[in-house]
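Just so you know, all these numbers are worked out from the coordinates, no wet-lab data involved. Since the model is a prediction, treat every value here as computed from it, not as a measurement. Virtual Cβ from ideal backbone geometry, glycine too; neighbours counted across all protein chains shown.
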Amino acid sequence: MFEITPEWTIFLDRDGVLNREKEGDYIRHVSELQLLPGVTEALSILSARFLHVIVVTNQKGIGKGIMSEEDLAEIHSALLQRITATGGRIDHIYHCPDTAADSPCRKPNPGMGRQAMHDFPSIDLQRSVMVGNTLSDMQFGRALGCQTVFIESNKPKPEAPHPWIDLHCQSLYAFAKTLIKQG
Ligand SMILES: [Mg+2]
């Protein structure tokens, strides 16, 4: 596995990696935000090991008019609060509200990664990893030239080995634990 050093950045998908997904629906309200088991522990480990911890999330429920930017802001502020209260850190959450597949910020397109590089010039994509639970996340990581980690969820499981996936893990916590083993 790739070796993580203190210059590394981690990009995290949100739904299915940090919080439980709603089958065929969006997390529309803060009351629906349920962190997955081990996520707070994982974030506390990852925060100590990565220079930047960045969330990149497609939220087309906004573009569809199902939820508002304010609803999302409330959800993200609750997410940040829970992570910070348990010793973790998220430096920024980027979201793409667009519905069109060709929107440059909608994963798998790399726009949110490019925006992060603009905002955090010390991001080194050669020393970055993208963690997600869909092939679209893996494609986003590959488009930026990052390492990729596929987290298992209720989403279809791709074949292994897969050209877009460097590592499969059962959860974000399982990935964090592999880093502890690295020493
Ligand atoms: Mg996801």
Among the numbered criteria (1) closer than 17 Å to residue 10 by Cα; (2) out of contact with any Cys (no Cβ under 9 Å at 6 or more places or on another chain); (3) surrounded by fewer than 16 Cβ atoms within 10 Å (Cβ to Cβ); (4) not charged (D, E, K, R), which single criterion is violated by residue 68?
-> (1)
Could you count how many residues in the range 153-163 are surrounded by fewer than 14 Cβ atoms within 10 Å (Cβ to Cβ) and either of a type in the set (Phe, Trp, Tyr) or free of Cβ contacts under 8 Å to residues at least 24 places away in the same chain (or both)?
-> 6
With the range 5-108 as the region, which helices (runs of 4 or more DSSP H) entirely inside it contain at least 1 residues that are within 16 Å of the ligand (Cβ to nearest atom), within 15 Å of the chain's Cα centre (by Cα) and without any contact (Cβ under 8 Å) to a residue 40 or more places away in the chain?
-> 69-85
